[in-house]
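Engineer: Take this structure first; my questions come after.
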Number of protein chains: 2
Amino acid sequence: MPKVDLSQIEQTNRTQYPEPFATDVAGRFYRRIAPSTGLKDIGVSHVVLQPGAWSSQRHWHNGIDEFLVMLFGEAVLIEDEGETVLRAGDCAAFPKDVPNGHHLVNRSEQPCTFLAFDCQYGEGDCHYPDIDLHYDAVAGKMTHKDGSAY
Amino acid sequence: MPKVDLSQIEQTNRTQYPEPFATDVAGRFYRRIAPSTGLKDIGVSHVVLQPGAWSSQRHWHNGIDEFLVMLFGEAVLIEDEGETVLRAGDCAAFPKDVPNGHHLVNRSEQPCTFLAFDCQYGEGDCHYPDIDLHYDAVAGKMTHKDGSAY
């Protein structure tokens, strides 16, 4: 059945972030849609942000296009150019290799729901302009900006 | 600005389908989001289906994952397993190489809006189980099922 049955996909708020960065995303509950539906090339995450939660630390990727669409509720998109409220139907695109750190923050009183997309080709490092964190794609782990281990 | 300004992207109902197949999609108005936003690996189409319009002829792809999410209104997803109404927030996944022809038909009295995603890698032929039509990816054109030209 091509229609996605979200109730059959595990919802989790796991994160690879070390503390203190993990706390900001504790209210981010997501489902990975691609594995259970057989998609191999497109990555899709169904994400619910509780009030106050962040979608991620502000970041940008080498090698990975990202795209998101808000489905219900609203959140603030924060990036180098400023802040923009995203409401149902609003979309945002983050082309690979463009060094514009971005994330969503739910400053509303209600949960919001969005889909986040990426492409399963060409993953490179992930950069966090605001904090001492770096994702090393070759090693497959988070490090300090100087490369040392957390 | 990462937020997508749809008003700045051309909306069209062009189609590569020959007649009589083009008529079914005359009420399909779409915007290609990726080119204007700099995305290279993820393809995104913002589509409005007028009442009665089809999203496409029923089809499936070699080599291309497809995914869609309904944003506003509703349409009927038609595929080998039957018919399913998709409403705001509902998603459907069509993994590459799975021979399950699918399309959306707007049987409601209102327009509906959805996003359709694909991956810009690995495009193969497109198959149309209901009609004498085939997309030949090497030649880059629509043909009859026997390979002859339209």
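The values are calculated or read from the model by the stated rules, or taken from the named source; none is laboratory data. For clarity, every value in this text was computed on a predicted model and none was experimentally measured. Positions of Cβ are generated from backbone atoms using ideal geometry, with glycine treated the same way; all protein chains shown enter the neighbour counts. All accessible areas refer to the heavy atoms of the entire protein, side chains included, with ligands and DNA or RNA removed. Shrake-Rupley method; radii C 1.70, N 1.55, O 1.52, S 1.80 Å.
Engineer: For the stretch B:14-49, which residues satisfy the criterion of being of a type in the set (S, T, Y), closer than 21 Å to B:G63 by Cα and part of a strand (DSSP E or B)?
Structural biologist: B:S45
Engineer: What number of residues within the stretch A:85-116 are farther than 18 Å from B:G38 by Cα, among the β-branched types (V, I, T) and within 11 Å of chain B (Cβ to nearest Cβ)?
Structural biologist: Looking only at that region, the number is 2.
Engineer: Of the residues that make up the stretch A:70-84, is at least one of a type in the set (D, E), modelled with pLDDT of 95 or more and under 22 Å from B:T113 (Cα atoms)?
Structural biologist: yes
Engineer: Scan the stretch B:89-102 and tell me whether some residue there is touching a residue at least 40 places away in the same chain (Cβ under 8 Å) and farther than 20 Å from B:Y135 by Cβ. Outline the logic, then answer.
Structural biologist: If we filter the stretch B:89-102 for residues that are touching a residue at least 40 places away in the same chain (Cβ under 8 Å), which is where we start, we get B:100-102.
Subset that is farther than 20 Å from B:Y135 by Cβ: none.
No - not one qualifying residue is present in the stretch B:89-102.
Engineer: Looking only at the stretch A:81-96, count how many residues are open to solvent by 20 Å² or more (accessible area, probe 1.4 Å) and touching a Lys or Arg at 6+ places or on another chain (Cβ under 6 Å). Let's see the steps before the verdict.
Structural biologist: Pass one, the stretch A:81-96, residues open to solvent by 20 Å² or more (accessible area, probe 1.4 Å): A:81-85, A:87-88, A:90, A:95-96.
Next, from what is left, pick out any that are touching a Lys or Arg at 6+ places or on another chain (Cβ under 6 Å): A:84.
Qualifying residue count, the stretch A:81-96: 1.
Engineer: Hey, another quick one. Just checking, does the stretch A:7-29 include any residue being on the phi > 0 side of the Ramachandran plot and within 14 Å of chain B (Cβ to nearest Cβ)?
Structural biologist: no
Engineer: Let me ask another. Specify the residue that is farthest from A:E123 (Cα to Cα); the eligible residues are those in the stretch B:30-50 that are open to solvent by 60 Å² or more (accessible area, probe 1.4 Å) and either more than 10 Å from chain A (Cβ to nearest Cβ) or among the basic types (K, R) (or both). Steps first, answer last, please.
Structural biologist: Step one: list which residues in the stretch B:30-50 are open to solvent by 60 Å² or more (accessible area, probe 1.4 Å), which gives B:32, B:35-36, B:40, B:50.
Then keep just the ones that are either more than 10 Å from chain A (Cβ to nearest Cβ) or among the basic types (K, R) (or both); that gives B:32, B:35, B:40, B:50.
Working: B:R32: 24, B:P35: 20, B:K40: 13, B:Q50: 38 Å.
Within the stretch B:30-50, the match that is farthest from A:E123 (Cα to Cα) is B:Q50.
Engineer: Exactly one of these conditions fails for A:A116: (1) at pLDDT 95 or above; (2) assigned to a loop (DSSP other than H, G, I, E, B); (3) small (G, A, S). Give me its number.
Structural biologist: Every listed condition holds for A:A116 apart from (2).
Engineer: Filter the stretch B:55-75 down to the residues that are surrounded by fewer than 19 Cβ atoms within 10 Å (Cβ to Cβ) and within 22 Å of B:I131 (Cα to Cα), then identify the one that is nearest to the other protein chains (Cβ to nearest Cβ).
Structural biologist: Filtering first and then ranking leaves B:G63.
Engineer: Can you report the number of residues in the stretch A:119-128 which are open to solvent by 50 Å² or more (accessible area, probe 1.4 Å) and modelled with pLDDT of 95 or more?
Structural biologist: Filtering the stretch A:119-128 down to residues open to solvent by 50 Å² or more (accessible area, probe 1.4 Å) leaves A:120-123.
Restricting the remaining residues to those that are modelled with pLDDT of 95 or more gives none.
The qualifying residues number 0.
Engineer: Here's another thing I want to ask about it. For the stretch A:134-150, what are the residues that are open to solvent by less than 70 Å² (accessible area, probe 1.4 Å) and in a loop (DSSP other than H, G, I, E, B)?
Structural biologist: Residues of the stretch A:134-150 that are open to solvent by less than 70 Å² (accessible area, probe 1.4 Å), as a first pass: A:134-137, A:139-140, A:142-144, A:147-148.
Scanning the stretch A:134-150 gives A:A137, A:A139, A:G140, A:H144, A:G147, A:S148.
Engineer: If only one of A:I78, A:I131 is more than 30 Å from A:K3 (Cα to Cα), in a loop (DSSP other than H, G, I, E, B) and open to solvent by 20 Å² or more (accessible area, probe 1.4 Å), which one is it?
Structural biologist: On the way: A:I78 fails: in a loop (DSSP other than H, G, I, E, B).
On inspection, the qualifying residue turns out to be A:I131.
Engineer: Look at the stretch A:97-112 and say how many of its residues are open to solvent by less than 50 Å² (accessible area, probe 1.4 Å) and in a loop (DSSP other than H, G, I, E, B).
Structural biologist: Within the stretch A:97-112, the subset open to solvent by less than 50 Å² (accessible area, probe 1.4 Å) is A:100-106, A:108, A:112.
After this cut, where a residue has to be in a loop (DSSP other than H, G, I, E, B) as well, the list is A:100-101, A:106, A:108.
Here the count works out to 4.
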